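Some notes on the structure that comes next.
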Amino acid sequence: MASEGTESSVPRGNIAGFFEYARDDIRSGFLVFLIALPLCLGISLACGYPPIAGVFTAIVGGFVTPLLTNSELTIKGPAAGLIVVIAGCVSEFSGDGMSGGWAPMDQQAYRAALAIGFAAAILQMVFASFRAGILGEFFPISVVHGMLAGIGIIICIKQLPIALGVAASGEPLEILTDIPHLLAEANPAIAVIGIASLVIMFAWPACVQPWPFLRRVPAPIVVLLVAMPAGYGFDLLHEHSYYLQGHEYQLGEQFLVSMPKQIFGMFHDITLPNFAVLADPRAWKWAIIFFCIGSLESVLSAKAIDAVDPWKRRSNMDRDLFAVGAGNLLASLLGGLPMISEIVRSKANIDSGGKTRFANFWHAIFLLLCVAIIPTFLHLIPLAALAAMLVYTGFRLTHPTEFIHIYRIGREQLAIFITTMVMVVVTDLLVGVLIGVILKVSLHLANGVPLRSLFKPYLEVEDVSENTSLIRARDSAVFSNWIPFRRQIEQVGLVQKRNLVIDLSGVQLVDDSVLEKLEEMREAFELEGLGFSVRGLDSLIPMSDNALATRKRTLGQMKRLTIMAPSAVAEHLIDEFFERGVTGYTITECKGGGRQFVDGPLLQRARSVRLEVLVPTTKAAALIEFLRSEILPEFMATICLETVEVLRSTDFE
């Protein structure tokens with residue numbers, strides 16, 4: 001591992017690394033190819049493109065991007081997260097893909113989408129040249145996850161009918177309301193393939209736990225091993241009908257993947273864009289959406305893979321985005337889908353022992369050989385099996401654990417997450433993301449963030465020693481002013497090779513996105529052998545117990561527990577309180593008594609103490625129970641519990 005070796009032992013994707021790590025990269029490339037092949041076909045069909053288009057994209061990504069990027073472990077190719085965008089573009093130009101047969105209008109819409117993908121690729125390359133890779137830092141985490149969850153729901157809704165062997169069209173909500181009818185009209189033979197495939201996708205990870213040697217077999221391959229013989233058994237290669245419970249159902253090649261009918265026939269499917277469509281203003285709307293969503297997903301995926309790189313290598317996001325743009329440029333000219341750094345295949349690359357970026361190259365080689373030499377074999381893949389894989393992918397994008405994770409960061413983040421997700425489903429991707437960002441900004445303003453600091457951080461830089469600098473933030477540190485904040489951190493620390501201290505004690509609010517990105521910066525500084533620390537968070541109140549919860553300057557609510565008790569029990573009380581998590585106390589000697597002592601001389605009344613402690617609400621109940629069960633039965637005491645607001649309440653935790 002990296003921690004045990006030297007810099008020279010870290011795998012690098014150069015000429016020497018190509019030969020030195022060829023064995024590991026070829027093996028990993030083959031295993032990734034097994035996952036990529038069915039997903040490339042399925043994603044392409046879901047986008048309204050011919051199935052071969054997804055394979056073109058992965059091949060181009062494997063050949064082109066390793067030459068341009070320094071991202072060592074990412075696999076480039078089509079991604080489920082772009083299905084909604086690309087399918088929306090195809091639909092805008094009157095295409096519906098192969099759902100109703102490949103008509104001339106579908107071919108026109110396909111060529112229009114290729115031209116739009118070409119324009120988006122130009123935008124990616126231009127913006128990457130001006131360091132646009134940092135734009136991925138702008139969007140709040142809860143909005144991005146909400147967007148992906150919304151995409152996942154749409155994928156599930158649109159692919160489920162295909163898995164059941166029925167045609168469905170319209171907006172996601174229209175299809176969702178029509179689900180009972182679609183279930184009633186399902187083609188039983190196709191539904192058997194689709195449901196069996198879906199069960200395998202969900203059950204396979206659990207089934208292989210007792211047999212470690214099976215864990216390297218990807219679930220999509222198991223699906224194909226079951227679905228292709230089933231399709232052959234149902235004789236899907238020939239048009240025919242069958243009857244079941246008085247209903248007639250049709251079977252035939254329309255339920256199989258359309259592939260070239262001869263060896264090297266894929267080259268006849270190369271399709272050029274229709275650049276004339278770029279004169280239509282609608283084309284540029286979609287080009288901007290392609291550019292924004294594709295770039296964002298690609299940057300986020302590359303960062304996620306960097307975070308789990310065993311050698312802690314870091315990708316240059318601008319260079320990686322340029323490489324993706326170059327790949328998209330060539331893919332669009334050949335008839336391929338837009339590509340991104342695809343996280344599922346990239347993670348599989350790590351798990352399979354890939355060492356350098358050439359694992360991406362080898363996975364493309366295997367795809368090229370497979371599609372060029374055995375296209376007629378791939379034609380046996382049932383569409384229902386591919387749809388089931390995408391339903392599973394969509395489910396993972398909106399997995400319940402996502403809701404739990406966001407909720408733990410803060411209830412306000414869950415509100416942003418759900419709002420973005422719902423708006424993506426009921427409106428469109430761009431509107432959903434915009435509404436999520438507006439809600440996030442509104443919550444920040446409601447929590448006291450000054451309007452002037454919403455997009456501009458107020459920072460003071462001070463040299464505190466020969467090799468250490470301090471950046472003191474004022475007003476706010478939030479997602480919308482993070483990009484200039486980050487650039488200041490990089491300039492003072494990474495560029496000048498200085499240790500850095502970030503002081504947040506002067507801000508009104510620091511949000512969850514900035515806290516997560518500060519943690520990423522700490523890791524970047526460690527890789528450079530520099531110190532990086534954040535201070536001042538203890539002066540802000542977190543909105544939840546999570547370490548990444550948004551923190552704001554406010555009075556925190558605490559419980560003040562007051563006990564009037566005999567002096568003899570004071571020391572015992574203090575010891576017991578400390579054992580139960582109390583951090584401090586105030587004690588005052590006093591005299592007093594109940595009605596039975598009211599007539600006696602004041603100086604003869606029993607000596608008592610007034611003991612006060614401040615504790616978090618979560619600890620108050622345990623203290624009250626202790627006093628009720630152990631103190632009150634033996635001593636005469638008065639106990640009061642009240643809610644108070646305290647500055648720097650975290651000092652008492």
All but one of (1) modelled with pLDDT of 95 or more; (2) open to solvent by 10 Å² or more (accessible area, probe 1.4 Å); (3) not aromatic (Phe, Trp, Tyr) hold for Val514, so report the exception by its number.
(2)
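Could you tell me whether Phe202 is open to solvent by 10 Å² or more (accessible area, probe 1.4 Å), within 30 Å of Leu548 (Cα to Cα) and touching a Phe, Trp or Tyr at 6+ places or on another chain (Cβ under 8 Å)? Outline the logic, then answer.
Values: open to solvent by 10 Å² or more (accessible area, probe 1.4 Å): yes; within 30 Å of Leu548 (Cα to Cα): no; touching a Phe, Trp or Tyr at 6+ places or on another chain (Cβ under 8 Å): yes.
It is false that Phe202 is open to solvent by 10 Å² or more (accessible area, probe 1.4 Å), within 30 Å of Leu548 (Cα to Cα) and touching a Phe, Trp or Tyr at 6+ places or on another chain (Cβ under 8 Å).
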Some residue of segment 356-365 being buried (at least 23 other Cβ atoms within 10 Å of the Cβ), in a loop (DSSP other than H, G, I, E, B) and either modelled with pLDDT of 95 or more or among the polar types (S, T, N, Q) (or both):
yes
Give me the pairs: first residue in segment 235-262 and in contact (Cβ under 8 Å) with a residue 40 or more places away in the chain, second residue among the charged types (D, E, K, R) and not in a loop (DSSP other than H, G, I, E, B), beta-carbon distance under 7 Å, and six or more apart or on different chains, which are they?
Leu236/Glu253; Leu237/Glu253; Pro260/Asp269
Only one of (1) in a helix (DSSP H, G or I); (2) in contact (Cβ under 8 Å) with a residue 60 or more places away in the chain; (3) more than 22 Å from the chain's Cα centre (by Cα); (4) more than 22 Å from Pro51 (Cα to Cα) is not met by Phe291, so which one is it?
(3)
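Would segment 454-477 turn up any residue that is in a helix (DSSP H, G or I) and out of contact with any helix residue (DSSP H, G or I) (no Cβ under 8 Å at 6 or more places or on another chain)? I'd like the intermediate steps shown before the answer.
The first filter runs over segment 454-477 and keeps only residues in a helix (DSSP H, G or I), leaving none.
Looking for residues that are in a helix (DSSP H, G or I) and out of contact with any helix residue (DSSP H, G or I) (no Cβ under 8 Å at 6 or more places or on another chain), one finds none in segment 454-477, hence no.
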Among the residues in segment 366-377, are any open to solvent by less than 20 Å² (accessible area, probe 1.4 Å) and in a loop (DSSP other than H, G, I, E, B)?
no
Which numbered condition Gln245 fails, given (1) more than 29 Å from Ala203 (Cα to Cα); (2) surrounded by 20 or more Cβ atoms within 10 Å (Cβ to Cβ); (3) more than 26 Å from the chain's Cα centre (by Cα):
(2)
Quickly run through segment 19-47 and pick out the residues that are open to solvent by 10 Å² or more (accessible area, probe 1.4 Å), hydrophobic (A, V, I, L, M, F, W, C) and either part of a loop (DSSP other than H, G, I, E, B) or out of contact with any Cys (no Cβ under 7 Å at 6 or more places or on another chain) (or both).
Phe19, Ala22, Ile26, Phe30, Leu31, Phe33, Leu34, Ile35, Leu39, Leu45, Ala46
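What about Gly529, is it within 29 Å of Ile406 (Cα to Cα) and either open to solvent by 50 Å² or more (accessible area, probe 1.4 Å) or not in a strand (DSSP E or B) (or both)? First the steps, then the outcome.
Numbers: within 29 Å of Ile406 (Cα to Cα): no; either open to solvent by 50 Å² or more (accessible area, probe 1.4 Å) or not in a strand (DSSP E or B) (or both): yes.
Criteria not met by Gly529.
If you take the residues of segment 301-334 that are farther than 17 Å from Arg131 by Cβ, open to solvent by 20 Å² or more (accessible area, probe 1.4 Å) and under 21 Å from the mean Cα position of the chain (by Cα), which of them is modelled with the highest pLDDT? Talk me through it step by step, then tell me what you get.
The first filter runs over segment 301-334 and keeps only residues farther than 17 Å from Arg131 by Cβ, leaving 301, 304-313, 327-334.
Those still in the list that are open to solvent by 20 Å² or more (accessible area, probe 1.4 Å) too: 304, 307-308, 310-312, 329-330, 333-334.
In the following step, the residues that additionally are under 21 Å from the mean Cα position of the chain (by Cα) were identified as 304, 307-308, 310, 312.
Values: Ala304: 88, Ala307: 83, Val308: 88, Pro310: 92, Lys312: 87.
By that ranking, first place goes to Pro310.
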If Val126 passes every condition in (1) open to solvent by 20 Å² or more (accessible area, probe 1.4 Å); (2) within 26 Å of Ser197 (Cβ to Cβ) but one, which one does it miss?
(2)
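Kindly check whether there is at least one residue in segment 165-172 that is under 15 Å from Leu236 (Cβ atoms) and either in contact with a helix residue (DSSP H, G or I) (Cβ under 8 Å, 6 or more places away or on another chain) or open to solvent by less than 20 Å² (accessible area, probe 1.4 Å) (or both).
Taking segment 165-172 and keeping what is under 15 Å from Leu236 (Cβ atoms), we get 165.
After this cut, where a residue has to be either in contact with a helix residue (DSSP H, G or I) (Cβ under 8 Å, 6 or more places away or on another chain) or open to solvent by less than 20 Å² (accessible area, probe 1.4 Å) (or both) as well, the list is 165.
Yes, segment 165-172 has at least one match.
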Picked from segment 378-388 (must be more than 25 Å from the chain's Cα centre (by Cα) and assigned to a helix (DSSP H, G or I)), the residue nearest to Phe33 (Cα to Cα) is Leu378
Quick check, is Ala112 over 19 Å from Ala276 (Cβ atoms) and open to solvent by less than 70 Å² (accessible area, probe 1.4 Å)?
no
Determine which single condition Ala16 fails, assuming it passes every other condition in (1) closer than 27 Å to Gly88 by Cβ; (2) without any contact (Cβ under 8 Å) to a residue 24 or more places away in the chain.
(1)
Could you please let me know if Ala16 is within 28 Å of Leu527 (Cβ to Cβ), in a helix (DSSP H, G or I), among the small types (Gly, Ala, Ser) and open to solvent by 10 Å² or more (accessible area, probe 1.4 Å)?
yes
Taking only segment 209-232 into account, find how many residues are under 26 Å from the mean Cα position of the chain (by Cα) and over 24 Å from Leu256 (Cβ atoms).
3
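Inside segment 57-176, counting only helices (runs of 4 or more DSSP H) that do not spill past its ends, which hold 2 or more residues that are touching a Pro at 6+ places or on another chain (Cβ under 6 Å)?
On the way: elements: 83-92, 104-129, 141-164.
Output list reads 104-129, 141-164.
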State whether the residues of segment 414-427 include one that is open to solvent by 40 Å² or more (accessible area, probe 1.4 Å) and in a loop (DSSP other than H, G, I, E, B).
yes
Residues (buried (at least 20 other Cβ atoms within 10 Å of the Cβ) and under 16 Å from Ala473 (Cα atoms)) located in segment 535-546
Leu540
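The values are calculated or read from the model by the stated rules, or taken from the named source; none is laboratory data. Just so we're clear, the structure is a prediction, and the values are computed from it rather than from any experiment. Cβ coordinates were reconstructed from backbone atoms using ideal geometry, including for glycine residues, and neighbour counts include every protein chain displayed. Quick note on the areas: whole protein, heavy atoms, side chains included, nothing else; ligands and nucleic acids left out. Shrake-Rupley method; radii C 1.70, N 1.55, O 1.52, S 1.80 Å.
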